[in-house]
Every structure is written in C-alpha cells, then in structure tokens.
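This report concerns only the one structure given below.
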Amino acid sequence: MKTIPIKILLLISVLFIAIGCEKDLIQISKKESEIQTIDYGISAEELKESQSFQKSSKAILKSKRVDKNSSRTSLIERLDLDNAYYHKDKNVEVLTVPFKTFGTYKRVLFSFTKAEKNTNSYLFTYPDPDNPNEYYVSNLDGQVLQKVLIDQNGQSQIINFLKNNLSKNTGCTETIYTTCSQGIHSFADGTAMECTYWNNLSQGTPPQLTTVPIGCSGSGSSGGSDIGGGTSGGTVSPGGGVSTGPTGGGDSATPSITKEECEIMLDCDDCNLQYDLNDDCQISFDEVHFVSFLETLTREEKSFIINDSLFYETLYNYFSQNNQSVESHNFGYYALLAKIENPEAEVDFEDRIIDELEGKEKCLNDHLEDSGNDFVKDMLSNFQGDDSEFGINIKSEDQVIHIDDDGNPVEVNAKTTFSGNSNIINIEISTSRAQSRKALQVVRTLLHEYIHADIFRKLNTLPPSNSDLDFRDFYDSFENNNFEPTPAHETMAALYINSMKEALKSFHMTVMTGDYDYLSSLNPNNLDAFYEASAWQGLKNHSVEAWLNMPQNQKDSIDQAYQQYIFTTTNNCPN
C-alpha cells in the first residue's frame, strides 16, 4: 500500500478598500496548512478476498469477449494494483483499479458492494488518460451503456446509447460521488466546493457527481447494473450512492504480458469500445446507430456488409446524411437484401431507387433516369432525401404474373405493389415481354409503373401536404363511386395522360434520335397523336372513364395514329 500526500493550499481572502488615494489591506480569514492522504494500492491477496472483485472477475471471465482460458490469476496480472483504490466498511466496499493497457487510453474496473451482498461492476474507459472528466461506462461484457461528461462544477452530463442497455432496467439509479484528490471533500457530505482544486486543476482533481441507471434487483455484476460509489469517511451518504477516491494514483504501469496476450475488451492497443468503428476511442451518434442497425441483421447479412467495404461506407454515410431516420434505415436494409440476392443490383441512395433491372429494360430505364424530361425528374425526386418516406425497388423478372378479379393468373408487362409495411414500393418488369416489344412501348411501361409508385406515395405519405390531400380526394371519388377500373388507373387516365405524352415525346426526340428522325420523315404532323396514343396504352383497355367519355372519332384518331407508327419504331435500346 502506498500513501500519496497532497498539500492543501492556504486559503487567504483579502479585501482592498480604497479611501481617497490610500489602500488599506484587511485580512478576512486564514486556514492553516493541512495534509490529507489518499491511500492507493492493494495486494493481490487482499484483492482476492474482496467480494467486489470476486463477483466482478467472475463476470469478466464469463464474457464471450474474453479468452475462455483466462483465470482470476491472469486477470490480476493485467491490473495495476499499485494504483488501485480500495475502501471497505460495514456498509459498503468500493474497488477502483486500472488496467495496465498497451494503448494511450485508460481503462478502470469499478466495483462496489453494498450490505455485503449486492455488487455492481463496470468498466470505465477514458479516451484521454489525463482527463477524468470524459469517460465511457460499459458493463462487464463490453456493452457500452453511456458516456459521461463532467462540467466545471463537477456535475455530469449523461449520454445514454441504448434505451434498453440493462436487462432489468426499470428506472432505478445509483449515484457516484468521486472525492476530491486531497482525500476529503465530496458532494456526498456537502463539502465539494471546499476543495482547493476547482481553479487549479494541474494540482489535483475536484469532486465529481454522476448518476447512472442500475438493475433494480441489485443482482450485481453479471453484465452490468450501473455505477455506484462507496462512502466518504466510512459512512453512507443520506442521498444514497457511493463515494470513491480518484480513479487511481500515479501513471499507468507497464503491462506485464505481451501484446499478443492482450484482451480486446480490457487492455489492447485500441480501446475497442463497442460502437467505436474508426478506433479513435470516441463514439459518435452515427456510430451508435450504425452498430445498432448491424445488430438487427442476420449473420449472413452482417457478413455481407463487413466484407464489402464500399457498400459498408456508402450505407454508413447514407444513414448519417439522413440523420439516422427510420426511412433511411428501412431503405438501407432493402438495398442490402437486393445486393445479397443480386450483387449486380445498383442502389441510388440519393433517389432511393434499387435497380435490379437487366438487359433491354435496364438500358431504357437508365436513359429515362438520365435524360427524362422535367415530369420524370420531378416524379423521381419525390423519393429523394430525408423528407421522403418511400423508396423504389425495380427489378426484372422472366415473367410477371397478376391475379385478376376472378383469381386467375395472367401474364402482364409489369406490376407495381406496395405492402405498407416496408415503405418500399416494388416494381417488376417482365423480361420476356420487354424483349419482344418495341423500345418505346417498354419506356411507356416504365413510366406507367413509376406513376403507380407516385400514386402509392401520395396516398400514404405522412403527414400529407395540401396537394396530397387534394389528390386523395380526387382518387377517393373514383373509389367511392364504385367505378369498375381501379381508382389508380382512373386517376392516371384523368391526371397523367398529357404528362406521359410529353415524356414519351421528349425521350423519343433526345434518346432515340434516329428513330424519331425516321418517323418525322414519314408524317411529322401526326406524331403528337402517336405519343398521346402511346400514353393511353395500358389504360384504355381497362375501360377507364376518361376513355369511355371521349368522342368516338377522337378515339379512332388516336388508335389510327398508334397503328401508323408503332410498328416502324425500333426494338433496340440505343447505345
């Protein structure tokens, strides 16, 4: 046991009173110099007899993060016993003992036992070993519970990382009082502000006060109730909690084991905090949420992310840029599933589109996204950014089957579905159908399905805007009047035909230039009617009201324009 004397500075208060040009010096008070001591150090034999260490070491050795061949004796070899603080009386036993780490951080085992039966134990990790005012609290399985920041008045600010970080966290707390490094003065006995080190931190450590959650059962150190402290002067403070000495005396000792023998949870080069992804011994808000996301995954899903560094980094940054919103995590998870199923899948995190298209339909969709007119860009932009709740997963399927009203399976060009559970709108495009159809017909199908997706978004977004509410009223008017076609197709026919017409025309002119020039040479005067006719495909055969109410001569003109041009357009996607 070593004793470290610390001299208390003289407290001399003086008052200067100016009278005219004269100054009188009046001495108000003076305290005699006094010496207090804090006893540091504990022998291995005394440590083994400590109930706090017996229970805390048992919990550490049971952890899956510690070598199963470790023993209590080998654990003691990792501890800096000369700088330990130990106190025991009839009410409480307190143990604070640093580890001899290979890194530049400081790690301390803190354990206390009340009434000789209830033990609570933690690991304190100090990123800066010379700064006792910032540390992380972990249970004995390495799970980080909270970050503690001590302000200039010795009061703590607590940052909790998980709501359910204790298996029996029912709202109980414990208070820790850390004694002034003079050996006296603590918040526990109301003498904290009498410590002489508040304005002279280079000479010693002022008292600290912090509160932490504990398991209400008081069952102890197995995985982590929260922190408590011992007693100041050997008596339990009226407010509950425990008063401890400082976190250890002197500089950290040199490890007596080799680096190869270090335990990542205890004493290796890196401090290996649970959520510390970049190994800087600090835990950010984004790191906590990303690790929490990883912990919800299966082994296969987690392995895929860890082994794909680019996807890992992209996903991390995407969550961070979207403020860890539920929607971003949801889209990120479906992007992960798509990449596992199809490594060639492309994920546009900005537009929130998962692209699993192949072949011809992919080529045309890429052109549509890159060169679509303002209508297309505005529609897709509704799925962008933190304000959007929804994402799109568009994929190729050899055949796409729709179940009709009679329950019969029918092969279709494409279909769009939304379950409401995932906020992911799924679009399936038939590869077999796309291969046999004209390129502009496939583009029309893509537009048709994106509009379906936009309709789902407007009907389900929360909170809805005024324009969303107006749209819902219009949509509901079809549903409430029991029209035979779906309200979605009725709405599309009533509101989107002209936009589809202009989008098809723009695409044909800017992307399929050769094809457009050829059709223009045949009869340029009737091309607008052709694009309008193309927009009606997939709607008019559903007998929507807008088509039924159209004059027959206009319908005939539209049909004629379509037949005039469609068969002379190309099947191929332009390079």
Ordering of 174-181, 541-548 by packing [mean C-beta count within 10 Å, highest first]
174-181, 541-548
Give a residue-ordered list of calculated ³J(HN,Hα) values for the stretch 38-55 (Karplus: 6.51 cos²θ - 1.76 cosθ + 1.60, θ = phi - 60°; whole Hz; x for Gly, Pro).
10, 8, 10, x, 8, 7, 4, 5, 5, 4, 4, 7, 5, 5, 4, 6, 4, 6
Regarding the stretch 409-464, what are the three Cα extents along the principal axes, ordered largest first, in Å?
42, 24, 15
Where in the stretch 83-108 does the amide nitrogen come within less than 13 Å of the point 7 Å from the Cα of A253, taken along Cα to Cβ?
83-85, 97-101
Relative contact order (%) - the stretch 240-325, alpha-carbon pairs under 8 angstrom, separation at least six:
15
To the nearest µm²/s, what D does Stokes-Einstein give for the stretch 378-424 at 20 °C and 1.002 mPa s, using the Kirkwood radius over alpha carbon pairs as Rh?
164
Would you kindly calculate the mean projected area, averaged across all directions, of the convex hull enclosing the Cα atoms of the stretch 432-575, in square nanometres?
10.1
With x for Gly and Pro, the residue-by-residue ³J(HN,Hα) of the stretch 516-531, computed from phi through the Karplus equation 6.51 cos²θ - 1.76 cosθ + 1.60 at θ = phi - 60° and given in whole Hz, is 5, 4, 5, 5, 5, 6, 7, 6, x, 6, 10, 5, 4, 5, 5, 5
Whole-Hz couplings from phi, Karplus 6.51/-1.76/1.60, listed for the stretch 545-553; x for Gly and Pro:
4, 4, 6, 4, 7, 6, x, 4, 5
Linear extension gain, T173 paired with D374, 0.36 nm per residue minus alpha-carbon span
66.6 nm
Quick numbers on the stretch 59-109, Rg and Dmax over C-alpha atoms in Å, give 12.8, 37
Whole-number accessible area per residue in Å² for the stretch 406-454, which is evaluated in the context of all protein chains at 1.4 Å
35
Part-to-part distance (alpha-carbon centres) for the stretch 514-555 and the stretch 36-112, which is given in Å:
82
Around C262, with a cut-off of 9 angstrom between Cβ atoms, what is the net charge of the other residues, counting Lys and Arg +1 and Asp and Glu -1?
-3
Extent along principal axes [Cα atoms of the stretch 352-408; Å; largest to smallest]
38, 28, 19
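The values are calculated or read from the model by the stated rules, or taken from the named source; none is laboratory data. Just so it is clear, the structure is predicted and the values come from calculations on it, not from any experiment. Glycine gets a Cβ as well: all are built from the backbone with ideal geometry, and neighbour counts include every protein chain shown. Only protein heavy atoms, including side chains, enter the accessible area calculation; ligands, DNA and RNA are left aside. Shrake-Rupley method; radii C 1.70, N 1.55, O 1.52, S 1.80 Å.
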